[in-house]
Amino acid sequence: MFENLQDRLGSILNGLTGRGALSEADVSAALREVRRALLEADVALDVVRSFTDRVREKAVGAEILKSIKPGQMVVKIVHDELIEMLGGEGVGIDLHAPAPVVVMMVGLQGSGKTTTSAKIAHRLSTREKKKVLMASLDTRRPAAQEQLRQLGAQANIDTLPIISGQSPTDIAARAVQAAKLGGHDVVILDTAGRTHIDEPLMVEMAEIKKRSNPHEILLVADSLTGQDAVNLARSFDERVGITGLVLTRMDGDGRGGAALSMRAVTGKPIKLIGVGEKMSELEEFHPRRIADRILGMGDIVSLVERASENIDAEKAAAMAAKMAKGKFDLDDLADQLRQMQKMGGMGGIMGMMPGMAGMKDKMAAAGLDDKLFGRQIAIIQSMTKAERTNPDLLKHSRKKRIAAGSGTDAAAINKLLKMHRQMADMMKMMGGKGKGGMMKQMMGGLAGKMGLGGGMGGMGGGMPDLSNIDPRQLEALQKQAEAAGLGKPGGGMPGLGGLPGGLPGLGGAKLPGLGGGFPGLPGLPKKK
């Protein structure tokens, strides 16, 4: 979503940090570029104007121009003001009210209200163990009520039985009553939309609000609609009174201006963002993390949270046991590739790693895109169990059969086998004895360089148990990483080769399956 803005701001601010001293003219010239970048990203003009004015006021002070690293101070000011523009602290859905808590979903037709209602219900039931009832109040759109019922069945969420001929206000009253009788904690009302804002829609929303007395009124807006989304938010807030915003399609290739403008224009917090089609692809909106991503500082906390949600603990434990014995077959490789797909693919992971956002284009040029994972999994699935366990069996005739079965060629199979051999060799070294194994030493060294000692969730003795890490610990880890230089643009990755802002190898050692090397683990001895 923010890629264009990220590239523009990144190049502008890198130009500042590369200089020893800054004049007032340098800061003004950079802010002109920042202003242009924000306007091109579709941020509202008044929001851009107030943002650049606040940055200029702080950046053109004597203490900045005389500080040891003035460029980095300007980056910090831009970062802090970006967080302020996005809302300061993240705000979740407020459920502090007598049960059943009524959540009313409003917005225009096509913005994704029905799907988002189901996603929120799924999130509340799985994460917060709430009993949720969903009710569709959309009597206009054909099969809208049936759509919500099917989504409820898919996510195992209760939905209000459909009675034809009832008005939206009557359905709302019936839903609240049914939730009380059924012992539900939360009732989500999915209201009807229109293709544009009109008076009947606003009257209907006001009536539903009066009958159901919602604790939360969430406006669902498509983040790809740009400035129209800002006007929409303003209109709904004036007429109905919203308590928060949910932005959908944040995984799209839009310019992201709506997300940056809506909080500043309405004063209402962005509570959740939709980052994909799946039920689980709904995230809390954290202004600091979004600002970090926009400025190319990565988002380690969200990456670890995503990993803890997607990594199967039992499989991870079994994999660790096999690694300790130095075993790593093609089934294990397929599992690793699937885990990466679940976490958003190579692009999604790279976008959250400090200083790595700019690597995605280089990786795509090198042929390492997310489609490659799918092809490699197809190759592995075309093998017999014996071949997956013992790749040495794969001679020419077998490779020919596998290529036909997976729709690839012998070259792709050879690349996959080469990658597997390199990873298997690495696993043997990591699982080796001597001072607790290479992985333990490596993680201990990384933790030490980050100033974490041997503690931090057991980081000194291997990777921490992601499922048990407290979010506050993650935030602390992020701050320590920033202090150590991980979170700064071009700051490099301590303990990972120290190359400024990039994975070792792109332009040096090759990526796996494309000529050697293994991303993220430089300095390991190469195969003799």
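A few comments on the model shown:
- Conditions (1) in contact with a strand residue (DSSP E or B) (Cβ under 9 Å, 6 or more places away or on another chain); (2) surrounded by fewer than 19 Cβ atoms within 10 Å (Cβ to Cβ); (3) not in a loop (DSSP other than H, G, I, E, B); number of the one not met by Gly241: (3)
- Flag for Thr195 being touching a Leu at 6+ places or on another chain (Cβ under 8 Å), loosely packed, with under 15 Cβ neighbours inside 10 Å and of a type in the set (Val, Ile, Thr): yes
- Selection count where residues are touching a residue at least 60 places away in the same chain (Cβ under 8 Å) and open to solvent by 70 Å² or more (accessible area, probe 1.4 Å), scope segment 22-40: 1
- Sole residue being charged (D, E, K, R) and surrounded by fewer than 19 Cβ atoms within 10 Å (Cβ to Cβ), chosen from Asp190, Asp170: Asp170
- Scan of segment 251-281 for residues that are part of a loop (DSSP other than H, G, I, E, B) and under 23 Å from Gln154 (Cα atoms), ordered by number: Asp251, Val275, Gly276, Glu277, Lys278, Met279, Ser280, Glu281
- Restricting segment 25-74 to residues that are modelled with pLDDT under 80 and of a type in the set (D, E, K, R), the residue that is nearest to Gly267 (Cα to Cα): Glu63
- Selection status of Leu95, in contact (Cβ under 8 Å) with a residue 12 or more places away in the chain, surrounded by 21 or more Cβ atoms within 10 Å (Cβ to Cβ) and aliphatic (A, V, I, L, M): no
- Scanning segment 325-365 for residues that are within 19 Å of His420 (Cβ to Cβ), at pLDDT 70 or above and not in a loop (DSSP other than H, G, I, E, B) turns up Leu330, Asp331, Asp332, Leu333, Ala334, Asp335, Gln336, Leu337, Arg338, Gln339, Met340, Gln341.
- Search result, residues across segment 170-191 that are touching a Leu at 6+ places or on another chain (Cβ under 8 Å) and assigned to a helix (DSSP H, G or I): Ile171, Ala172, Arg174, Ala175, Ala178, Ala179, Gly182
- Within segment 387-409, being assigned to a helix (DSSP H, G or I), among the hydrophobic types (A, V, I, L, M, F, W, C) and open to solvent by less than 50 Å² (accessible area, probe 1.4 Å) holds for Ile402, Ala403.
- Checklist (1) modelled with pLDDT under 95; (2) surrounded by 15 or more Cβ atoms within 10 Å (Cβ to Cβ); (3) farther than 24 Å from Val275 by Cα applied to Ser164, failing item: (2)
- Within the set Ala258, Ala229, Ala221, Ala233, the sole residue that is under 23 Å from His122 (Cα atoms) and open to solvent by less than 10 Å² (accessible area, probe 1.4 Å) turns out to be Ala221.
- Conditions (1) open to solvent by 10 Å² or more (accessible area, probe 1.4 Å); (2) at pLDDT below 95; (3) closer than 30 Å to Gly252 by Cβ; (4) touching a Ser or Thr at 6+ places or on another chain (Cβ under 9 Å): number failed by Arg211: (3)
The values are calculated or read from the model by the stated rules, or taken from the named source; none is laboratory data. Since we're looking at a predicted model, the values are computed, not measured. Note that each Cβ is placed from the backbone with ideal geometry, even for glycine, and that neighbours are counted across all protein chains shown. Side chains included, ligands, DNA and RNA excluded: accessible areas come from the protein's heavy atoms. Shrake-Rupley method; radii C 1.70, N 1.55, O 1.52, S 1.80 Å.
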